[in-house]
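Scroll down for the structure; my scribbles are underneath it.
The values are calculated or read from the model by the stated rules, or taken from the named source; none is laboratory data. Just so it is clear, the structure is predicted and the values come from calculations on it, not from any experiment. Cβ placement follows ideal geometry from the backbone for every residue including glycine, while neighbour counts extend to all protein chains displayed.
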């Protein structure tokens, strides 16, 4: 199981690391601007492993996670950092920690910090939580498209109802990868009714954006099976965006029907 959590804030230029605000939702155990590990998604297993992360702002220099169990020998940095949204010339940057995940004790608050020195600007950080390191799978899959037209709200999780471009044959399907495109979204999470956790990752700006960096991780079974859904269920996309826009495109890699 995987669940994406996010932090963001409008921070002034600073010479020291400054704490960001955890982005709240009904699926995240937010307290004092941190994510309380084990008290968020309503799932049987605590998601206390950080298997990946990213940090983005226009002039970002350093980003860091903090929790008591992460203190020694020093709080871990997120490296490298993104200084521009991914376009056809700029790759998305994602720190892949599957080979050495950060382990946070259940009940601790995961905090995010950043530092930049140029101007006041919005900063975004995401962490992908898991109950275990996902095992890549090799299975015949196909990619399908969904679209949405929800008006996004900046700097909060916006729920977007998505519609399949082509009707799926009836049955159950495993999601084994995803790509999200939109003008202003930074991070995405996937959801279906009854699913208490929200797997997700970074967004791309348009259909021609080069996603070599994330293709290897978030597509084609490389993070294993994200979840299983039925063709009769409504697919929902949660987006954290820098500003309002009204067009969303989601590509799902799916295995099935079963």
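Could you identify the single residue in 68, 46, 76 that is in contact with a helix residue (DSSP H, G or I) (Cβ under 7 Å, 6 or more places away or on another chain) and either modelled with pLDDT of 95 or more or more than 27 Å from residue 184 (Cβ to Cβ) (or both)? Result: 76 is the single residue among 68, 46, 76 that is in contact with a helix residue (DSSP H, G or I) (Cβ under 7 Å, 6 or more places away or on another chain) and either modelled with pLDDT of 95 or more or more than 27 Å from residue 184 (Cβ to Cβ) (or both). Residue-level check: of (1) in a loop (DSSP other than H, G, I, E, B); (2) farther than 27 Å from residue 158 by Cβ, residue 93 misses just (2).
All conditions but one from (1) touching a helix residue (DSSP H, G or I) at 6+ places or on another chain (Cβ under 8 Å); (2) surrounded by fewer than 21 Cβ atoms within 10 Å (Cβ to Cβ) apply to residue 52; the one that does not is (2). Quick one: residue 135 ticks every box in (1) farther than 28 Å from residue 208 by Cβ; (2) in a strand (DSSP E or B) except a single one, so which number is it? With respect to (1) farther than 28 Å from residue 208 by Cβ; (2) in a strand (DSSP E or B), residue 135 is out only on (2).
Just give me the residues in the range 29-39 being touching a residue at least 60 places away in the same chain (Cβ under 8 Å) and surrounded by fewer than 24 Cβ atoms within 10 Å (Cβ to Cβ), in sequence order.
Residues of the range 29-39 touching a residue at least 60 places away in the same chain (Cβ under 8 Å): 31-39.
Scanning the range 29-39 gives 31, 32, 33, 34, 36, 38, 39.
Quick one: would you say residue 147 is within 15 Å of residue 188 (Cα to Cα) and surrounded by fewer than 17 Cβ atoms within 10 Å (Cβ to Cβ)? So residue 147 fits the description; yes. Candidates in the range 96-132 are the residues that are loosely packed, with under 13 Cβ neighbours inside 10 Å, assigned to a loop (DSSP other than H, G, I, E, B) and in contact with a strand residue (DSSP E or B) (Cβ under 7 Å, 6 or more places away or on another chain); of these, the one that is modelled with the lowest pLDDT is 117. Pick out the one residue from 59, 3 that is in contact with a strand residue (DSSP E or B) (Cβ under 6 Å, 6 or more places away or on another chain), farther than 18 Å from residue 154 by Cβ and modelled with pLDDT of 95 or more. Of the residues listed, the single one that is in contact with a strand residue (DSSP E or B) (Cβ under 6 Å, 6 or more places away or on another chain), farther than 18 Å from residue 154 by Cβ and modelled with pLDDT of 95 or more is 3.
Table: residues versus (1) outside any strand (DSSP E or B); (2) touching a helix residue (DSSP H, G or I) at 6+ places or on another chain (Cβ under 8 Å); (3) surrounded by fewer than 19 Cβ atoms within 10 Å (Cβ to Cβ).
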site: 168; (1), (2), (3): yes, no, yes
site: 180; (1), (2), (3): no, no, no
site: 195; (1), (2), (3): yes, no, no
site: 198; (1), (2), (3): yes, no, no
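This table checks each residue for (1) within 27 Å of residue 123 (Cβ to Cβ); (2) loosely packed, with under 14 Cβ neighbours inside 10 Å; (3) in the same structural domain as residue 48 (by TED's automatic domain parsing); (4) out of contact with any helix residue (DSSP H, G or I) (no Cβ under 9 Å at 6 or more places or on another chain).
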{"site": "161", "(1), (2), (3), (4)": "no, yes, no, yes"}
{"site": "177", "(1), (2), (3), (4)": "no, no, no, no"}
{"site": "217", "(1), (2), (3), (4)": "yes, no, no, yes"}
{"site": "227", "(1), (2), (3), (4)": "no, no, no, yes"}
{"site": "235", "(1), (2), (3), (4)": "no, no, no, yes"}
{"site": "238", "(1), (2), (3), (4)": "yes, no, no, yes"}
{"site": "241", "(1), (2), (3), (4)": "yes, no, no, yes"}
